[in-house]
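Values quoted throughout were computed directly from the atomic coordinates according to the rules given, and no laboratory measurement underlies them. Just so it is clear, the structure is predicted and the values come from calculations on it, not from any experiment. Please note: Cβ atoms are built from the backbone with ideal geometry, for glycine as well, and neighbour counts cover all protein chains shown.
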Amino acid sequence: MRTESKSSAKPPRGTATGQCLCGAVAIEIDLPAFWAWHDHGRASRRAHGAAYATYIGCWKSKVRVTRGAKFLARYEDRSSRTARSFCLTCGTPLFYERPSGPRMVNIPRALFDTRTGREPRYHLNLEESPDWAWRNEPLVPLKGYPGVMWERPKRQKKAARHMNPFV
């Protein structure tokens, strides 16, 4: 990954820009990303504090930190030999690197407001998905709370009453 672009000009066509929550770190990738997926694994879930993380995979040579390289921090997990980078200011996850892909970097899809050239069509580690994660159950609007959707509880079937009161 390259850092700190000298030019503040608008990125050329064929790139996507992203940033962390506070805006201290900004990145740019050349389009298209190599691939995209949803990772339901325990490690990604904990790193993102969410039911799953959605990533795009890019060649490191196609990724640039255009602002805030000094705000990047790196956590290396010795047991899995993976590395995760995040913003020192707001904690936003920025990069995920694995030893099986030394020339690749995985970037959270949510950092980008525009298309990245790949849509996430793959699901990894579904067996690690928690039982509380949403699995396309039908949702309905919650009355009195605009924009809130909820899963209506399943109705309990009432026990059949006996017609004969002496039974």
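What's the FRET efficiency of E127 with S61 using the Cβ-Cβ distance as r and R₀ = 35 Å, to the nearest 0.05? Mind dumping the intermediate values first?
Working: r = 33 Å, r/R0 = 0.95.
Efficiency computed from Cβ-Cβ geometry: 0.55.
So for the chain, if I pair up every lysine 8 or more residues apart or on another chain, how many of those pairs have alpha-carbons under 23 Å apart?
9
Order of Y52, Y145 from fewest to most other C-beta atoms within 10 Å?
Placing the least packed residue first, the sequence is Y145, Y52.
Among bridges DSSP assigns within the chain, what percent are antiparallel (round to 5)? Write down the numbers at each step before the final one.
Details: 33 of 38 bridges.
DSSP beta bridges in the chain are roughly 85 percent antiparallel.
Which of these, E28, E97, E137, has the largest mean-square fluctuation under a Gaussian network model of the chain (Cα springs below 10 Å)?
E137
Given only helices, namely DSSP H runs of n ≥ 4 each adding -39500 (n - 2.57), what is the per-residue ellipticity at 222 nm of the chain, to the nearest 500 deg cm²/dmol?
-1000 deg cm²/dmol
Placing unit charges on C-beta atoms (Lys and Arg positive, Asp and Glu negative, everything else neutral), compute the dipole magnitude of the chain about its Cα centre in debye, rounded to 20.
The dipole of the chain has a size of about 220 debye.
Relative contact order of the stretch 25-81, please, whole-number percent, based on alpha carbon pairs below 8 angstrom and at least 6 residues apart.
Relative CO of the stretch 25-81 lands at 45 percent.
Which residue, P120, P130, P153, has the most motion in a Gaussian network model of the chain that connects Cα atoms within less than 10 Å?
In this elastic network of the chain, the residue with the biggest mean-square fluctuation among P120, P130, P153 is P153.
Calculate the radius of gyration of the Cα atoms of the stretch 14-128 to one decimal place, then report Dmax, the largest Cα-Cα distance, as a whole number, both in Å.
Final numbers for Rg and Dmax: 13.2, 38 Å.
Using alpha-carbon pairs under 8 Å, 6+ residues apart, how would you state the relative contact order of the chain in percent?
In percent, rounded to a whole number, it is 25.
How about the chain: what cysteines have no other cysteine beta carbon under 4.7 Å from their own?
For the chain, the answer is C58, because their Cβ atoms have no other cysteine Cβ under 4.7 Å.
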